[in-house]
Every structure is written in C-alpha cells, then in structure tokens.
Amino acid sequence: MQTDMSKLHPGITWREITEGTRICAGGTSREFNTGEWTTVKAYIDEEKCKQCLLCVPVCPDSAIAVKDGRRLPVDRDHCKGCGICVKNCPFDAISMKEEERENG
C-alpha cells in the first residue's frame, strides 16, 4: 500500500495511511514542516561564523543549506534541534535556543 501524500490531513485514519517503517514517497520533507514538533532550534551568530561550512554536512535534516558558496540561515521549518551542528562548529557560532510554540 502506498500513501497518496496529497491526501494526508489531520483527520486521516490509520487505515488510510502507509504502515509504519515503510517509505513509499521521496522528498516528503518539502511537503511537511518536519521540525514543527520541537521548540529548540539552532541559531547562528553571524559575527562568530567564519563560513567554514562544517555545519552543513552534519545536519541530518539538511536544515542548513549553501548557496553560491555561503551558508544560508537555518531552515526553521526543518531544524529538529538535535544540536549536532553546535558540537561540530569550531568557532562556537551556533547555539540552541528555545522557541515559543504556536497554538493551533
């Protein structure tokens, strides 16, 4: 059974979705804000950041992108707050900060 990703909504029943541990569609993180379950996010201090890009390959969710050889801001919709980028930054330019959750 494959889940039609376009039909997922909050009222869907368990019988209408793909059984667990099966991946039947690629690129779904673009369709869903996969970082919405956490309130802790990575923040980059632009003054401390040396654009070494060592944070980019260690992010398991590709929440730190590069464009034209420069690191972009952390993608808030996909950062899950794991802190791996913090541990990998040799310049202490990344920290984890609590964000307020939106109700709804």
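Here are a few things to note about the model shown:
- Sequence-separation-based contact order of segment 31-104, relative, with Cα cut under 8 Å and 6+ spacing, percent: 45
- In this view, the solvent-accessible surface of residue 86, computed with a 1.4 Å probe and all protein chains in place, comes to about 50 Å².
- Ranked order, 71, 76, 15 - accessible area, probe 1.4 Å, largest first: 15, 76, 71
- Calculated on the Cα set of segment 37-95, radius of gyration then Dmax: 10.4, 31 Å.
- Subtracting the Cα-Cα distance of residue 9 and residue 43 from their residue separation scaled by 0.36 nm leaves 9.2 nm.
The values are calculated or read from the model by the stated rules, or taken from the named source; none is laboratory data. All values reported here derive from a predicted model rather than from experimental measurement. Quick note on the areas: whole protein, heavy atoms, side chains included, nothing else; ligands and nucleic acids left out. Shrake-Rupley method; radii C 1.70, N 1.55, O 1.52, S 1.80 Å.
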